[in-house]
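A.B. asks: My questions will all concern the structure given below.
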Amino acid sequence: MLTRPVQYRGGKLHINARTTSPGGFVRVAVREGAGVRDGEWPEGWRFDDSAPFTGDSLDHTMQWGECDILDGFPDNTLRLLFWLENAELYSFWFE
């Protein structure tokens with residue numbers, strides 16, 4: 001699932017999600033969301049960098065490598081690409 005361009009105003013990415021079977025997960029990649037670089041995949045924010053979420057949580061903070069805050073992302077306009085494998089995503093927000 002790819003979001004429309006979102007203005008990032010700071011904070012961590014939180015999700016409300018659950019996996020529905022063993023081996024299920026949620027991963028998130030962050031893509032640039034404005035101008036000529038819209039859709040580009042900056043290093044450090046790809047699916048392989050995303051710590052997979054498993055289980056059931058009303059408030060889980062996503063993480064990429066050692067980062068759990070997107071301040072290092074190169075632009076304030078971004079798109080989130082959610083990879084759901086045997087999982088359900090109910091909501092996401094920055095805080």
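A.B. asks: Restricting attention to region 11-22, and to residues there that are touching an Asp or Glu at 6+ places or on another chain (Cβ under 7 Å) and not in a strand (DSSP E or B), which single residue is farthest from Thr61 (Cα to Cα)?
C.D. replies: Selected residue: Thr20.
A.B. asks: Kindly provide the set of residues from region 13-32 that are under 19 Å from Thr3 (Cα atoms) and out of contact with any Ser or Thr (no Cβ under 8 Å at 6 or more places or on another chain), ordered by number.
C.D. replies: Hits for region 13-32 are Val30, Arg31.
A.B. asks: Across region 64-95, which residue is farthest from Gly11 (Cα to Cα) among those that are assigned to a loop (DSSP other than H, G, I, E, B) and open to solvent by 70 Å² or more (accessible area, probe 1.4 Å)?
C.D. replies: Ranking the candidates gives Asn86 first.
A.B. asks: Take the residues in region 13-38 that are among the charged types (D, E, K, R) and modelled with pLDDT of 95 or more, then tell me which one is least open to solvent (accessible area, probe 1.4 Å).
C.D. replies: Arg27
A.B. asks: For region 40-63, does any single residue satisfy the condition of being open to solvent by 20 Å² or more (accessible area, probe 1.4 Å), free of Cβ contacts under 8 Å to residues at least 40 places away in the same chain and in a strand (DSSP E or B)?
C.D. replies: Scanning region 40-63 turns up at least one residue that is open to solvent by 20 Å² or more (accessible area, probe 1.4 Å), free of Cβ contacts under 8 Å to residues at least 40 places away in the same chain and in a strand (DSSP E or B).
The values are calculated or read from the model by the stated rules, or taken from the named source; none is laboratory data. Given the structure is predicted, the values throughout are model-derived calculations rather than measurements. Glycine also receives a Cβ, built like all others from the backbone with ideal geometry; neighbour counts cover every protein chain displayed. These area figures cover heavy atoms from the full protein model, side chains too; ligands, DNA and RNA do not enter into them. Shrake-Rupley method; radii C 1.70, N 1.55, O 1.52, S 1.80 Å.
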